[in-house]
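Worksheet for the structure shown next.
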Amino acid sequence: MLEVVGSIPSQVIPKTTNSFLAWCSALRGFWSSITYKQMRKIYFCGSIRAGRQDVELYGRIIEQLQAYGIVLTEHVANKEIELSEVNLDDKFIHDRDIEWLENCDAVVAEVTQPSLGVGYEIGRAVAMKKRLLCLFRPASGKKLSAMIGGAYDSQSFIVKHYAELDVPQILQEFFSY
Ligand SMILES: O=c1[nH]c(=O)n([C@H]2C[C@H](O)[C@@H](COP(=O)(O)O)O2)cc1CO
């Protein structure tokens, strides 16, 4: 038989309930931020057939991007890409990449080494109304195409002239939406 010993002080119930609810809500917020981060799909673009001199840099950028979501195009940083994509025909590569592009939440392109494929991906991404970040290193001595530099709109098409040290800050700003 249960015996009620005294009554629970009234101020304890709401306080405990409130802190429990606050805790639940914080947990829900934390969980949704984690699941959103895990679910965010990022399409990274970098030169392949147009020249692989920046492949190690692509790898370091992709590593940082993985803190913000799933990178669909990790293979762009694969130094053995010729081996991994060699059995795929161009039609397969094109259709697979366009499908990834359609499904992604954001596009990050390293545009220092000019590449037809990267330019094409950027154009398609704009038509799909994707958020884009284009990264260009002026220290390369190259000149960025006006079709990329001139597409900057401060909202969905961001162009950053950067040095590698700036990447963490640039990514943090780009993904803080
Ligand atoms: O084998 C490939 N796999 C592949 O995913 N791509 C895509 C991803 C890159 O961001 C972009 C590189 O284009 P390009 O090869 O023209 O430099 O095209 C391009 C190629 C080869 O053109």
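The values are calculated or read from the model by the stated rules, or taken from the named source; none is laboratory data. Computed from a predicted model, the values in this text were never measured in an experiment. Neighbour counts run over all protein chains shown; Cβ positions are idealised from the backbone, glycine included.
Summary of values
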read-out: Among the candidates V126, V107, residue that is hydrophobic (A, V, I, L, M, F, W, C) and within 15 Å of G46 (Cβ to Cβ); value: V107
read-out: Sole exception among (1) part of a helix (DSSP H, G or I); (2) modelled with pLDDT of 95 or more for E82, by number; value: (2)
read-out: Scope segment 114-143; condition in contact with a strand residue (DSSP E or B) (Cβ under 8 Å, 6 or more places away or on another chain), away from the ligand (no atom under 16 Å from the Cβ) and over 26 Å from D95 (Cβ atoms); matching residues; value: R137, P138
read-out: Scan of segment 70-82 for residues that are out of contact with any helix residue (DSSP H, G or I) (no Cβ under 7 Å at 6 or more places or on another chain) and within 11 Å of the ligand (Cβ to nearest atom), ordered by number; value: E82
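To keep it simple, each residue is scored yes or no on (1) surrounded by fewer than 20 Cβ atoms within 10 Å (Cβ to Cβ); (2) among the hydrophobic types (A, V, I, L, M, F, W, C); (3) touching a residue at least 24 places away in the same chain (Cβ under 8 Å); (4) not in a loop (DSSP other than H, G, I, E, B).
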residue: E99; (1), (2), (3), (4): yes, no, no, yes
residue: G119; (1), (2), (3), (4): yes, no, yes, yes
residue: I122; (1), (2), (3), (4): no, yes, yes, yes
residue: A125; (1), (2), (3), (4): no, yes, yes, yes
residue: K129; (1), (2), (3), (4): yes, no, yes, no
residue: M147; (1), (2), (3), (4): yes, yes, yes, yes
residue: Y152; (1), (2), (3), (4): yes, no, no, no
residue: K160; (1), (2), (3), (4): yes, no, yes, yes
residue: L165; (1), (2), (3), (4): yes, yes, no, yes
